[in-house]
Each structure stands twice: as structure tokens, then as C-alpha cells.
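Asks: Supplied in C-alpha cells, the structure appears directly below.
The values are calculated or read from the model by the stated rules, or taken from the named source; none is laboratory data. Since the model is a prediction, treat every value here as computed from it, not as a measurement. With ideal geometry, Cβ positions are generated from the backbone for all residues, glycine too; neighbour counts draw on all protein chains shown.
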Amino acid sequence: MAYASYSDYLAALDRAGELKRISQPVATELEITEFADREMKQPGGGKALLFEKPTVNGKISPFPVAINTLGSWKRMALSMGAESVDAVAAEIGALMKAKPPTGFREALGLFRTAIELRHARPKHVKSGPCKEVVHRFDAPESRTAPWPPAPDWQHGTEPFPPTLLDLPILKCWPLDGGRFVTLPCVITQDPDTGERNVGMYRMQVYDDRSTGMHWQLQKVGARHGRRYYETGKRMPVAVVLGGDPVYTFCATAPLPDGLDEFLMAGYLRRQSIELVKCETSELEVPADADIVIEGYVDPVEPLRSEGPFGDHTGYYTLPEPYPVFHITAITHRKNAVYPATIVGIPPMEDFYIGAASVKLFLPIFKMNFPEIVDIALPAEGVFHNLVVVSIKKTYPMQAYKVMHGLWGMGQMMFTKYLIVVDEEVDVHNTSEVLFRLCANTDPQRDSIFTKGPADVLDHATSAVGVGSKLGIDATKKLPGEGFQREWPPIIQMDPEVKARVGNMA
């Protein structure tokens, strides 16, 4: 299901009982964070929040702020227009296993799949709702639609085109270095191949026309940036806020380098994304976006200190030098909604976004590792610090084969602790995992240390971007693994007795 706008998605959340509206003025400085943090800590992720009168430096913004809109399993499913995330994962799994048809029924099924995939390819259009209001900073008078002036901000409309200082951008935590755009879809392009990337990199607001661009060392946006730095040419960048919520999900998804996130988004929403060219560059953005910020990164400009920032690790990321993003235009819908999130001590909204990625990409993991049964990223591991994998073990040292393979796959390279358990273990039940970990391991025999890339946000590593990893084999041990004793059976009640007692209760 495709949503025509971010407001369209919020209306769907409202109908489903998944949205709370806050009508009184609430400050974008810290107060929205406190509201959102309390809600995200509720069982199941709480509700999405819509702040109808957010204030910026004491003045009511004309743009409402929506937060925690993906922070539950139900809302993740709604964002994809599905009954559940598991249903979408099953659909992708079936696609991965597609084989040449052996009969008319199978041929018809593959034809239906092909029709759906046809909608994945983006379409190019001349204009769209994201350009209802256009402000080019190199030509302030240039607009595609009139914007009636209002005498007072307090009445909910703006008397002038916005700058970054007019948007309801949050200052999330007390020690943050400033306001941060926290839910941007950052669009860049490989200068050699023309391949597009849509990533999510936080942006610290420096002034009315510039921000930091926190693309980390291993991110695709940073790789694109390095090529522009080598050529000395300005790098065009576009930032999309709002629109169909599936854009946000795909910007965070661990897609292979070179695979267009908008292609994935088109598949998930079952409708092609309409793309429109930017006002000040050749980059293209979704026509249904709520807000678009256009600009560039100049490779000859020195890096600038960015941070501190209260991060998903639960700690502040300390200041580090990053590129500066200069704004050349801001365009938006007349009734745009500003999307935001916060990160911090888990559980937070990002847990559901990351866990949904694991569910959707599990079929791809299984293509590489057929023995994998399930994967979990517990909330306490803040995405990738802790990964639990269950496998169907059939030969000695198989757990270590899986560990090394996963550490070599995309963002799994950042995993610090990787635990492998047997197939019957529910990896999403932390209590069960800890029981098997403590019961089935000899610490020296069943552990392995290795080294590799680390998340640059990890404050515990001795150096930025490099660190060690610990793998633990918590599976049943086989004789070929040096275990010569008899492995005891786990205590389980006879199924017939369980059923009989169940009928008595």
C-alpha cells in the first residue's frame, strides 16, 4: 500500500488507534524528547505522537512534528501496508526461492510476482506536492506557488519562506551540541556510475543555511563523498523528510552498495515512486515528500566539529570532524509535517526499525547460510552490538563458520557479541538465550576473539572505527569439537502428560 503523503500515513495510524495528538504547545528543545522517551518505553513501543503546536524558541511552528511513527510492530506493518512484518518477510522469502514453473498454476503465480516487481522501478515526473512552496536561497523570489504572508507566527502560517532555523528541528538531549535533523533520507549519487544511494545520517544545524553531515566512515554516502573529494568537485546532496514512511525504512535498511533504496521502496509499497528533479541540482527526490532540503558538500572546505549527540548507544557521541552541508533550496508541501525520532537508552523507536530489517533480510541470510533458523538483535544491543543466531547444526564447528560469515556481511561487521544457539531456541526470548549460554558453554573452549571494523559511534573501543569481537558457541557440542562426554538431554515433560493436564486445568 502506498501513502500519498506523511499526513496520509498519520491518518492511517489515527484510524488504527496508533496515534496520540498533543494539542498544547510543546518545546522542540528537550520537551518533545521527554514526551517521546516516555512513550517509547511503554510496552510494545507505545503510540505515535503528533505535536500539533511545536515551539521553536518559544514561537509556534507552522509545521507539526510527528515522532515514534515506526516504533511498534503494528506501525512497522502499517508503514508497509501489510498485516505484519512477518508476512512481508515471507513474501520476500518466496521470491528468493522462485524456480522455473512446472505448471500453469506456478506460471500464473510467477506472472503475478513479475507484475508486482514492475511497480518497483521509479517514474520520472515534472513536478509534485513537494514543490508547492519553493525557496531558492540563490533567488529568494523564485517560488512555484504563492505563499500568503501572515502577520504572526502564532497563527500557524509563516510570513516568509523557511530557513533551517524556522523548521521544528529538535534539540534532543541536554548535552547535545545543538539541534539535529534525526530522520533525514539523504540522497547522494556515485559520480562514476551514477548509482543513487539513500542513507540516514544525522545533521546538526550550524546556522540558517548549513548543517553537519554525519556519514560515518563505512557508509555509502561517505564513499561517494571520497570520490568527490578526489575530483575536487562540489557534491550535490538532497535531504528528504516525510512522504511515504517506507522511504525512511529503506534509508536505514542494510541494502548492498549499488542497490537503489527507492527500488526496494517501490516494491514494498507496490507502487512506483514518482521522482522529480531538484531545483538546484540534477538529483531526484520523491514528488510526494513533505520537505526537501537541497544543497552541496564542498570538498575543498575544511571539516567541522560535529556533536556531542545523545546517540543510540545510550551515551553521547563526542565531537568529531565531519563535512559541512550547505543549503541551496528548501521546498515543501503547504501542509507539511516534520518527521523526527530520538535515540538513547533502549528500548527506542529504532529497535523496531532495525528488527524489521532483520526479519525482511533473513531470507537473504538463509540463501548464504541455509543452516540459519532465525536471527535476533536484542534491544539492549542497540542494533548490532549483540546478535543471537539459531542454526540447525549438522557438523562440527558449524557455529564458527556462521560467525565468520555473518561478520563479513554488511553492517554485521559492527557486531561485538555474536551468540550461536541450537534451532529449537527462541532467539527473541532473552531469558532462554541466557539459559543456553550459561548451560551449554565452557568459556575457554567455546569462545573466539577476532578483530575488525567497529561502529565509529562505539565509545568503548580503544580507537575510532576498529575493535575486537567475541563469538560464543552455545550449541550442543559434538565429538568432533573435542567434546568426549555424553551430552545430557534437556528436561522436558512428556507431550501426552502435558495435554492431559491441560485438559484438567
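Asks: Would the range 15-34 turn up any residue that is modelled with pLDDT of 95 or more, in a helix (DSSP H, G or I), in contact with a helix residue (DSSP H, G or I) (Cβ under 7 Å, 6 or more places away or on another chain) and aliphatic (A, V, I, L, M)?
Replies: no
Asks: Give all pairs with beta carbons closer than 8 Å in which a residue from the range 265-289 that is within 24 Å of Lys359 (Cβ to Cβ) meets a residue that is in a strand (DSSP E or B) and at pLDDT 95 or above; count only pairs at least 6 apart in sequence or on separate chains.
Replies: Ile273/Pro286
Asks: Give the residue that is farthest from Asp37 (Cα to Cα), with candidates limited to residues of the range 356-368 that are in contact (Cβ under 8 Å) with a residue 24 or more places away in the chain and aliphatic (A, V, I, L, M).
Replies: Met367
Asks: Quick check, is Asp426 of a type outside the set (Gly, Ala, Ser), under 16 Å from Lys359 (Cβ atoms) and surrounded by fewer than 19 Cβ atoms within 10 Å (Cβ to Cβ)?
Replies: For Asp426, the condition - of a type outside the set (Gly, Ala, Ser), under 16 Å from Lys359 (Cβ atoms) and surrounded by fewer than 19 Cβ atoms within 10 Å (Cβ to Cβ) - is met.
Asks: Output yes when any residue across the range 249-261 is in contact with a Cys (Cβ under 6 Å, 6 or more places away or on another chain), under 29 Å from Ala12 (Cα atoms) and crowded, with 17+ Cβ neighbours inside 10 Å, and no when none is.
Replies: yes
Asks: Given the conditions (1) part of a helix (DSSP H, G or I); (2) not assigned by TED's automatic domain parsing to the domain that holds Met409, and given that Met493 satisfies all but one, which numbered condition is not satisfied?
Replies: Of (1) part of a helix (DSSP H, G or I); (2) not assigned by TED's automatic domain parsing to the domain that holds Met409, only one is false for Met493: (1).
Asks: Next question, about the same structure. Tell me yes or no: at least one residue of the range 318-339 is farther than 28 Å from Glu52 by Cβ and within 19 Å of the chain's Cα centre (by Cα).
Replies: no
Asks: Which of the numbered conditions does Leu318 fail, given that it passes all the others? Conditions: (1) crowded, with 21+ Cβ neighbours inside 10 Å; (2) under 22 Å from Arg179 (Cβ atoms).
Replies: Just one mismatch for Leu318, condition (1).
Asks: Does the range 480-490 include one or more residues that are under 30 Å from Tyr322 (Cα atoms) and of a type outside the set (A, V, I, L, M, F, W, C)?
Replies: no
Asks: Can you name every residue in the range 1-51 that is surrounded by fewer than 20 Cβ atoms within 10 Å (Cβ to Cβ) and farther than 26 Å from Pro346 by Cα?
Replies: Met1, Ala2, Ala4, Ser7, Asp8, Ala11, Ala12, Arg15, Ser23, Gln24, Pro25
Asks: Sticking with this one: Exactly one condition in (1) assigned to a strand (DSSP E or B); (2) closer than 23 Å to Ile92 by Cα is not met by His384; state its number.
Replies: Tallying (1) assigned to a strand (DSSP E or B); (2) closer than 23 Å to Ile92 by Cα, His384 fails exactly one: (1).
Asks: Within the range 430-459, track down each residue that is over 23 Å from the mean Cα position of the chain (by Cα) and either among the charged types (D, E, K, R) or in a loop (DSSP other than H, G, I, E, B) (or both).
Replies: Within the range 430-459, Glu432, Arg436, Thr441, Asp442, Pro443, Gln444, Arg445, Asp446, Lys451 meet the criteria.
Asks: Is it the case that some residue within the range 357-372 is part of a strand (DSSP E or B), of a type in the set (A, V, I, L, M) and touching a Pro at 6+ places or on another chain (Cβ under 9 Å)?
Replies: No - not one qualifying residue is present in the range 357-372.
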